[in-house]
Amino acid sequence: MKRIALLLALVAICGVFSTTGPVRADDIPEVTVRPERPRIYLRPEAWDGPSVESIRQRMDTPEYRQRLGRLGRTTPGKALLWMLADDEEAGKAAVEEFKRMRIGGRTPTPWGDASQRYAMLFDWLRDHPDMDEESRQAAISEMEQWGDRSIAYLRRPATPFYCRYSSVVSGITHIALALAGESPRAAEFLGVAKDMLATQYCTFRQAEDGAAGGGSYAYRWQFTHLANMVAAWRSATDFDAGEWIAQHQGDWLRRQLLFQIWMTYPNGWFVKDGNIWPGSHIDNRQFRMPVDTVTSIYREGFGRTYAQQMFERHGVNDYHPLFTWHFFVFNDPSIEPSPMNDLDRAELFSPKLHRMVAWRSSWEPDATIIHFRAGETVDHHATYDVGKFLVYRHAPLAIKDGGYHDGKRSNHHRYYQSPWSANTVVFTGDDHNGMQPGIDFHGTLSWDQWKAQRERRIERPPTGVLTATEVNERFARAVGDMTGSCPPDTQWTRELVFLDYKYLLVLDRVTPGPGIAHRWLLHTVNKPEIDGPVAVADNGPGRLFSRTLLPRNANLELVGGQGREFDYNGTNRPPQAWTDDPDQNARRFPPHFQMGQWRLDVTPSDDPPAGEPGQELIYLHVLYPTEVTTEQMPECSVRVVDGRIIVTVGDLEHEFPAP
């Protein structure tokens with residue numbers, strides 16, 4: 001086979017997607033597709049990535065033997081058995097199954113996924129003796145058709161913050177790499193793929209800084225598709241897309257891995273943000289796939305440690321049996337694990353967009369963990385709850401309530417998406433039910449285009465802007481302005497301080513517009529006990545104390561219990577499967593779903609008066625996550641001096657500066 005040189009710079013400049021202008025030559029290198037097979041994910045001989053040679057040497061180790069029985073259940077697994085173990089019967093079966101395959105799917109996400117898998121199998125089986133010329137040409141035609149369909153989808157208006165886009169971009173990349181040397185269409189498809197990476201779709205991932213707002217849709221689909229896309233570029237060409245992303249696009253792929261690590265609690269449960277599918281709240285089955293791929297690309301020690309933790313939690317069920325082949329390709333025991341305690345205690349993801357703040361007291365299992373989202377709400381599967389915080393110690397303590405049940409935009413799903421199910425400040429009035437706005441418009445191909453279109457189409461400020469962050473040995477601090485999420489003429493800023501990496505101080509400054517009421521919400525799994533200004537709620541071995549310091553003489557009201565478990569502005573919106581039987585609910589909605597039935601509402605007292613519209617009111621709370629054996633929280637107090645708010649917690653003190 002001839003060596004295939006594809007001049008992608010020319011294609012990117014003159015090809016299908018030229019809306020952002022010429023691409024710099026030094027950013028678009030000449031790319032040569034390797035002639036040998038296999039070349040997608042795997043190479044025949046050892047290199048700095050997966051190879052038939054290196055994986056063969058691991059097949060007899062316990063780590064691989066315990067999964068070997070699952071490998072032959074799928075076509076990719078049978079193809080691997082042929083390549084790795086010289087299993088002729090498995091190879092023949094894989095070829096016959098491949099001949100019957102077609103690319104397809106109800107939406108772009110599954111058909112983009114199918115395109116990736118089909119192209120991979122064509123590459124792996126192309127030179128098998130049973131792959132006759134007629135079948136080979138039929139497969140080439142199938143990929144050309146779906147390459148055209150991918151281009152048509154990428155041309156039309158679509159929302160970029162959605163797993164459909166990543167699936168199709170990855171799909172056309174795989175098709176192009178598989179077709180190189182087989183079809184004259186390969187250069188065109190690969191040019192589109194390169195443009196998507198360099199100047200179009202992946203500029204969104206750079207802006208997102210590896211983060212995402214789509215919950216399971218990100219972890220399962222988007223993260224896996226993009227990691228596999230980069231792995232395919234690396235293995236099939238002389239272009240190291242992983243290194244290119246690190247140098248030219250803010251290292252978003254490695255940041256994606258770190259985001260998944262930071263968004264996973266020590267017990268393997270995901271932080272609830274975005275649409276988490278029922279049953280996908282735990283990092284088992286399918287969620288290790290992008291971890292192993294990115295770890296392989298960068299030889300990332302933290303990824304290796306995280307993968308080992310997943311195996312310790314779930315055994316071989318850290319992979320779904322359908323994707324056992326992915327483990328054999330991308331798991332790499334030669335990568336040295338890095339201690340998680342080498343990571344920092346504070347991290348900020350996507351400072352340009354999502355603005356997700358993450359803090360930890362340590363990386364030990366008993367760590368206190370805080371998350372705070374203070375950015376724009378843009379993902380197609382986002383939750384509309386900017387300003388929310390979440391607290392974990394031993395178990396979720398201050399939670400995001402509800403779930404992605406009964407389908408998109410069902411009554412319960414609307415509750416789950418809303419601020420009513422989150423630890424936020426909620427604003428209500430005659431024309432406002434407490435919901436926050438979001439952005440889900442279509443039609444932009446790059447981050448720069450999206451920003452320009454947002455400026456033209458959306459008059460309000462971003463739903464959230466992170467105005468300050470600070471990290472030192474005594475505390476971590478973040479300030480967010482959520483005014484863009486509020487009703488007209490209303491302002492809201494929230495400042496969080498992780499004092500001594502032990503106590504969470506929450507300061508909210510609220511200025512309501514005419515006719516607007518507000519309340520401070522705290523969601524817990526179990527019913528809190530209230531004693532004056534202190535509320536206490538347990539969840540398993542964890543306990544959360546919450547003390548209201550301001551406003552003075554505030555009203556603390558419990559909302560929850562039968563008939564009010566999922567209150568949305570006075571109406572209950574339970575999932576359809578919810579019943580009056582607690583035992584049945586516990587079976588249908590197990591603990592990792594993090595379904596709470598109680599909410600603490602804090603509102604201003606009429607004595608002294610809460611103030612008129614346009615007058616600022618301050619909420620100030622001290623939260624203390626601890627063990628269930630802790631009987632009381634330290635003494636807390638507050639004093640206001642010349643606009644400065646000075647909080648004392650035990651023998652610690654923190655001063656909020658005057659605005």
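A compact table of results
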read-out: Residues within the stretch 73-91 that are closer than 25 Å to residue 334 by Cα and either out of contact with any His (no Cβ under 9 Å at 6 or more places or on another chain) or open to solvent by 40 Å² or more (accessible area, probe 1.4 Å) (or both), tallied; value: 9
read-out: Some residue of the stretch 107-115 being at pLDDT 95 or above, of a type in the set (A, V, I, L, M, F, W, C) and closer than 17 Å to residue 190 by Cβ; value: no
read-out: Those residues of the stretch 569-599 which are open to solvent by less than 40 Å² (accessible area, probe 1.4 Å) and either in a strand (DSSP E or B) or charged (D, E, K, R) (or both), in sequence order; value: 599
read-out: Flag if residue 173 is of a type in the set (Ser, Thr, Tyr) and in a loop (DSSP other than H, G, I, E, B); value: no
read-out: Residue among 94, 158 that alone is in contact with a Pro (Cβ under 9 Å, 6 or more places away or on another chain), open to solvent by less than 10 Å² (accessible area, probe 1.4 Å) and not in a helix (DSSP H, G or I); value: 158
read-out: Subset tally (residues that are in a strand (DSSP E or B) and either in contact with a Phe, Trp or Tyr (Cβ under 9 Å, 6 or more places away or on another chain) or open to solvent by 50 Å² or more (accessible area, probe 1.4 Å) (or both)) for the stretch 415-464; value: 3
read-out: Options 394, 442, 412: the member that is under 30 Å from residue 193 (Cα atoms) and either touching a helix residue (DSSP H, G or I) at 6+ places or on another chain (Cβ under 9 Å) or not aliphatic (A, V, I, L, M) (or both); value: 442
read-out: Verdict on residue 87 being under 30 Å from the mean Cα position of the chain (by Cα) and either of a type in the set (D, E, K, R) or within 17 Å of residue 326 (Cα to Cα) (or both); value: no
read-out: Near pairs, Cβ below 7 angstrom, 6+ apart or cross-chain, from the stretch 71-88 (under 15 Å from residue 59 (Cβ atoms) and part of a loop (DSSP other than H, G, I, E, B)) to any residue that is at pLDDT 95 or above and hydrophobic (A, V, I, L, M, F, W, C); value: 72/81; 72/90; 87/81
read-out: Matching residues in the stretch 520-547 - criterion: being more than 15 Å from residue 636 (Cα to Cα), out of contact with any Phe, Trp or Tyr (no Cβ under 6 Å at 6 or more places or on another chain) and of a type in the set (S, T, N, Q); value: 526, 539
read-out: Selection from the stretch 240-253 of residues that are part of a loop (DSSP other than H, G, I, E, B) and either open to solvent by 30 Å² or more (accessible area, probe 1.4 Å) or modelled with pLDDT under 95 (or both); value: 240, 250, 251
read-out: Any hit, the stretch 466-476, residues being out of contact with any strand residue (DSSP E or B) (no Cβ under 8 Å at 6 or more places or on another chain) and closer than 29 Å to residue 648 by Cβ; value: yes
read-out: Exclusive hit being out of contact with any helix residue (DSSP H, G or I) (no Cβ under 7 Å at 6 or more places or on another chain), under 18 Å from residue 126 (Cβ atoms) and at pLDDT 75 or above, set 35, 62, 44, 76; value: 35
read-out: Residues located in the stretch 325-348, provided they are surrounded by 18 or more Cβ atoms within 10 Å (Cβ to Cβ) and either among the aliphatic types (A, V, I, L, M) or more than 30 Å from residue 500 (Cα to Cα) (or both); value: 325, 326, 327, 328, 329, 330, 331, 332, 335, 340, 346, 348
read-out: Condition met for residue 468 (exposed (fewer than 14 other Cβ atoms within 10 Å of the Cβ) and either in contact with a helix residue (DSSP H, G or I) (Cβ under 9 Å, 6 or more places away or on another chain) or assigned to a strand (DSSP E or B) (or both)); value: yes
read-out: Conditions (1) open to solvent by 40 Å² or more (accessible area, probe 1.4 Å); (2) not in a helix (DSSP H, G or I); number of the one not met by residue 104; value: (1)
read-out: Residue in the stretch 316-324 that is closer than 26 Å to residue 367 by Cα, free of Cβ contacts under 8 Å to residues at least 40 places away in the same chain and open to solvent by 20 Å² or more (accessible area, probe 1.4 Å) present; value: yes
read-out: In the stretch 107-129, residue least open to solvent (accessible area, probe 1.4 Å) [restricted to those that are farther than 20 Å from residue 42 by Cα and free of Cβ contacts under 8 Å to residues at least 60 places away in the same chain]; value: 107
read-out: Residue within the stretch 178-187 that is open to solvent by less than 10 Å² (accessible area, probe 1.4 Å) and in a loop (DSSP other than H, G, I, E, B) present; value: yes
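For every residue, the table says whether it meets (1) more than 25 Å from residue 145 (Cα to Cα); (2) out of contact with any helix residue (DSSP H, G or I) (no Cβ under 7 Å at 6 or more places or on another chain).
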| position | (1), (2) |
| --- | --- |
| 174 | no, no |
| 190 | no, no |
| 200 | no, yes |
| 205 | yes, no |
| 221 | no, no |
| 224 | no, no |
| 232 | no, no |
| 238 | yes, yes |
| 251 | yes, no |
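The rows are residues; the columns are (1) open to solvent by 10 Å² or more (accessible area, probe 1.4 Å); (2) without any contact (Cβ under 8 Å) to a residue 40 or more places away in the chain; (3) among the aromatic types (Phe, Trp, Tyr).
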| residue | (1), (2), (3) |
| --- | --- |
| 131 | no, yes, no |
| 147 | no, no, no |
| 175 | no, no, no |
| 194 | no, no, no |
| 197 | no, no, no |
| 200 | no, no, no |
| 209 | yes, no, no |
| 224 | no, no, no |
| 237 | no, no, no |
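The values are calculated or read from the model by the stated rules, or taken from the named source; none is laboratory data. The structure displayed is predicted, hence computed values, not measured ones. A quick note on method: Cβ atoms are made from the backbone with ideal geometry, for glycine too, and the neighbour counts reach across all protein chains shown. Calculation scope for accessible area: heavy atoms of the full protein, side chains included, ligands and nucleic acids excluded. Shrake-Rupley method; radii C 1.70, N 1.55, O 1.52, S 1.80 Å.
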